[in-house]
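Coordinate-derived values only; no laboratory data. Since the structure is predicted, the reported quantities are computational estimates derived from the model, not experimental observations. Neighbour counts are summed over all protein chains in view; Cβ atoms, including those assigned to glycine, are modelled from backbone coordinates with ideal geometry.
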Amino acid sequence: MTDSLQPDMPGPDTGSLAARRFALFLDFDGTLVDIAERPDAVVLDPATRDALVRLQRRLGGALAIVSGRNLATLDALFAPHRFDASGLHGAECRLGERTHFDHPEPTHFRRVVDDLKHRFGADSGLLVEDKGKAVSLHWRKAPERAEDAMAAMAAIVADLGGAYRLQHGKAVAEIVPVGASKGVAISRFLAEPPYRDRCPVFIGDDLTDEHGFEVVNARGGLTIHVGAGPTRAQARLASPAEVRALIARWADGGPIGLATAETSAASPAAASPATTAHTTTESL
Ligand SMILES: O=P(O)(O)OC[C@H]1O[C@H](O[C@H]2O[C@H](CO)[C@@H](O)[C@H](O)[C@H]2O)[C@H](O)[C@@H](O)[C@@H]1O
């Protein structure tokens, strides 16, 4: 499907050399870990973390987590290891020891988050996740509240006057700095060593990942969507468990590329772009 993606050769040395042609970007929730009822209830098993460390080494360092979580939360989840990462749907980026945050926080954003907590903090169905420079309102425990929650978040974004945008996800609406996206984050990594001049591979499961798929497709890379539903990704894996199995194979010298993903991938999905199937205010 993607001619530029030739499988590399297994084996300790040739495998490493060939693997260094790739740069791997991984979403977190719904990709590396199963979706849980609450953000703080996800479980990253140590075997997956250790496989990621081995794979990062095999890729000569070119492995980054690209998530809607903030960097501090990602670091806590992967501790004691610290991966290159982008947080808050691209608003934060850390490569090595350099951290960028391009979107200064308007002074009134804290008040907005506090208001949201005041309104919904004691609500048994809705959950406010304060991520610092972004905020999420979750309705996983009360799906019947989805419309109300989305309307409340849309009204807040409108009041914020253009500095923020709405990001829809799985049973969640999030307010994130305008201009931030996973596509922008991946482009930023790809401009720097060790990511520069490599073939990007991105695995993700959610609407926010479509921005990244678009960028990676445009660069001739490989995109893999996790789960059902329309997407711009080229290939599909059924579940985070399949992603974890793929990561383990890649970490242990297996060929990186589409052939490996296709062992459990469904059909190419380019014919059913996500924009046609999801109700969202975002522009992809
Ligand atoms: O970009 P990601 O790494 O996939 O992060 C997207 C959001 O994931 C989290 O919310 C989702 O996962 C929760 C735990 O499984 C689940 O309870 C929730 O319903 C999902 O929307 C996280 O809490 C958000 O901050 C991320 O933006």
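Here are a few things to note about the model shown:
- Residues Cys93, Cys199, ranked from the fewest to the most other C-beta atoms within 10 Å, line up as Cys199, Cys93.
- Cβ-based exposure ranking for Glu214, Glu97, in which fewest neighbours within 10 Å come first: Glu97, Glu214
- Converting phi to 3J(HN,Hα) with the Karplus coefficients 6.51, -1.76 and 1.60 and the offset θ = phi - 60°, region 142-154 yields 9, x, 5, 9, 4, 5, 4, 5, 4, 5, 4, 5, 5 Hz in sequence order, with x at every glycine or proline.
- The lysines whose alpha-carbon is closer than 24 Å to the alpha-carbon of Lys182, local same-chain residues fewer than 8 away aside, are Lys131, Lys133, Lys170.
- Simple label model, 7 Å out from Cα along Cβ direction - Lys117 to Asp130, nm: 0.1
- Of the trypsin sites (Lys or Arg not before Pro) found in region 112-197, those in coil by DSSP whose Cβ has at most 15 other Cβ atoms within 10 Å are Lys141, Lys170, Arg196.
- Relative contact order [Cα under 8 Å, 6+ residues apart], region 129-240, whole percent: 18
- Arranged from fewest to most other beta-carbon atoms within 10 Å of their beta carbon, Phe120, Phe22 become Phe120, Phe22.
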